[in-house]
Amino acid sequence: MNIQIFGVNKCADTRKAQRFFKERGIRVQFVDLAEKGLSKGELRSVAAKVPLDQLVDRTSPRFAAKGLSHAWLDANKIEGILLEDPLLFRTPIVRNGKDATVGHCPEIWKTWQP
């Protein structure tokens, strides 16, 4: 099992995801989106399981501050925005190989356990 958690330390759901796997003795790789975003390949791998529009945190003040609240965003624009500013991702993004979730999804994570 190769678990990656993409998130930010101040996000409660990201901390819940980290705790979920730690309590089960599963090692994870944590990627702090404040320091490093997803690569184009990683984003496309996640988008194969989670629709791009669900990856954008439309409720964040950062989304509004960038003037995106009323913008029409197609898949190409969303991908570009997320690659440019990883703090616009809804967190946590949890990957297990080719599987991925966004948000707090312990019911799905349990199915990943060996």
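The values are calculated or read from the model by the stated rules, or taken from the named source; none is laboratory data. These figures come from a predicted structure and were not determined experimentally. A quick note on method: Cβ atoms are made from the backbone with ideal geometry, for glycine too, and the neighbour counts reach across all protein chains shown. Heavy atoms of the whole protein, side chains included, go into the accessibility calculation; ligands, DNA and RNA do not. Shrake-Rupley method; radii C 1.70, N 1.55, O 1.52, S 1.80 Å.
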Extreme residue, modelled with the lowest pLDDT, among residues of the stretch 62-76 that are surrounded by fewer than 17 Cβ atoms within 10 Å (Cβ to Cβ) and under 17 Å from the mean Cα position of the chain (by Cα): 75
Could you say whether any residue in the stretch 77-89 is loosely packed, with under 11 Cβ neighbours inside 10 Å, within 13 Å of the chain's Cα centre (by Cα) and not in a helix (DSSP H, G or I)? no
Of all residues in the stretch 38-51 being more than 23 Å from residue 107 (Cα to Cα) and part of a loop (DSSP other than H, G, I, E, B), the one that is most open to solvent (accessible area, probe 1.4 Å): 39
Could you check how many residues of the stretch 86-114 are in contact with a strand residue (DSSP E or B) (Cβ under 6 Å, 6 or more places away or on another chain) and on the phi > 0 side of the Ramachandran plot? 0
Evaluate the stretch 28-37: report whether one residue or more is in a helix (DSSP H, G or I) and surrounded by fewer than 16 Cβ atoms within 10 Å (Cβ to Cβ). no
Applying the selection to the stretch 12-24, what residues are more than 16 Å from residue 95 (Cβ to Cβ) and open to solvent by less than 70 Å² (accessible area, probe 1.4 Å)? 12
